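Heads up, the thing below is written out as structure tokens.
The values are calculated or read from the model by the stated rules, or taken from the named source; none is laboratory data. What you see is a predicted model; the values in this text were computed from it and never measured. Here the Cβ positions follow ideal geometry from the backbone for every residue, glycine too, while neighbour counts run over all protein chains shown. The accessibility values were calculated without ligands, DNA or RNA, using every heavy atom of the protein model including side chains. Shrake-Rupley method; radii C 1.70, N 1.55, O 1.52, S 1.80 Å.
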Amino acid sequence: MPDHYLTVAAEGEHETEVNRSRFLCALAPAPTEEDAQRFVGRIRERHPTASHHCYAYVIGADASVRRAFDDGEPGGTAGQPMLGMLLRREVRCVVAVVTRYFGGTKLGAGGLIRAYGGAVGAALDAQGTVTRRRLRSALVTVDHGRAGRLENELRALGHQVRSVSYGAEVAIALALPAGDLDSFASWLAGATAGAARLELGADTTDAV
């Protein structure tokens, strides 16, 4: 799996028109499925009188979660072509919502497929994409005596320290480049004389 992937840098919206129907495609980065669903909800609130709010999202640098929803359009004519466009353009950790304002002319199944997929493609062209590193969430647990120095060393080496929790031991949450996990584990063992524990979690997104 590549160590980098494409996504969108920020939220954005682009409008296309087909036979007087307006198609507004809103794009946003979505590190998790919950983030994607929250964005869909915000778009629904932003356009309460629209005919449809169809969406698709791809979660994870490895595209492990893929969802599509037609929101009342004929099955397979909206969400699936939107998802197909995201996958064809190889964007990850992203959600697309296409809001349709019906213009009075039916487009037919083929027309809908072209309109919804095309709305996503046009929005990606207008907004552009950025390259992000594929990261893996990790939790390092260590005793209090070593924790302060270890945290400083992690930050000095440029690792993304996302949180530090104090209890019976100290838990340091990190985001690590997915390709560097073996070398990091070796470094950690040497830096703490084997006293630290490393637990790896799911893929996550670059914080840049």
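Key figures for this structure:
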{"item": "Cβ pairs under 8 Å, 6+ apart, first in segment 106-133 and farther than 27 Å from Asp203 by Cβ and in contact (Cβ under 8 Å) with a residue 24 or more places away in the chain, second hydroxyl-bearing (Ser, Thr, Tyr) and open to solvent by 10 Å² or more (accessible area, probe 1.4 Å)", "result": "Ala115/Thr16; Gly118/Thr16; Ala119/Thr16; Ala122/Thr16"}
{"item": "Every pair of residues 6+ apart whose Cβ atoms lie under 6 Å, when the first sits in segment 45-67 and is of a type in the set (A, V, I, L, M, F, W, C) while the second is surrounded by fewer than 17 Cβ atoms within 10 Å (Cβ to Cβ)", "result": "Ala50/Tyr101; Val58/Arg66; Ile59/Glu33; Ile59/Val65; Val65/Glu33"}
{"item": "Residue within segment 117-135 that is over 30 Å from Asp71 (Cα atoms), hydrophobic (A, V, I, L, M, F, W, C) and surrounded by 15 or more Cβ atoms within 10 Å (Cβ to Cβ) present", "result": "yes"}
{"item": "Residue tally, condition within 12 Å of the chain's Cα centre (by Cα), of a type in the set (Gly, Ala, Ser) and surrounded by 15 or more Cβ atoms within 10 Å (Cβ to Cβ), over segment 55-75", "result": "4"}
{"item": "Some residue of segment 28-35 being within 16 Å of Met82 (Cα to Cα) and in contact with a Leu (Cβ under 6 Å, 6 or more places away or on another chain)", "result": "no"}
{"item": "Residues within segment 173-197 that are of a type in the set (S, T, N, Q) and surrounded by 11 or more Cβ atoms within 10 Å (Cβ to Cβ), tallied", "result": "2"}
{"item": "Out of Glu45, Glu17, sole residue that is closer than 24 Å to Arg114 by Cβ and charged (D, E, K, R)", "result": "Glu17"}
{"item": "Options Ala193, Ala178, Ala185; residue that is in contact (Cβ under 8 Å) with a residue 40 or more places away in the chain and not acidic (Asp, Glu)", "result": "Ala178"}
{"item": "Where Val97 falls short, out of the listed (1) touching a residue at least 24 places away in the same chain (Cβ under 8 Å); (2) part of a helix (DSSP H, G or I); (3) of a type outside the set (Ser, Thr, Tyr)", "result": "(2)"}
{"item": "Residue among Val98, Val170 that alone is closer than 24 Å to Thr49 by Cβ and either touching a strand residue (DSSP E or B) at 6+ places or on another chain (Cβ under 7 Å) or open to solvent by 60 Å² or more (accessible area, probe 1.4 Å) (or both)", "result": "Val98"}
{"item": "Subset of segment 15-46 (residues that are open to solvent by 20 Å² or more (accessible area, probe 1.4 Å) and under 17 Å from Arg89 (Cα atoms))", "result": "Pro29"}
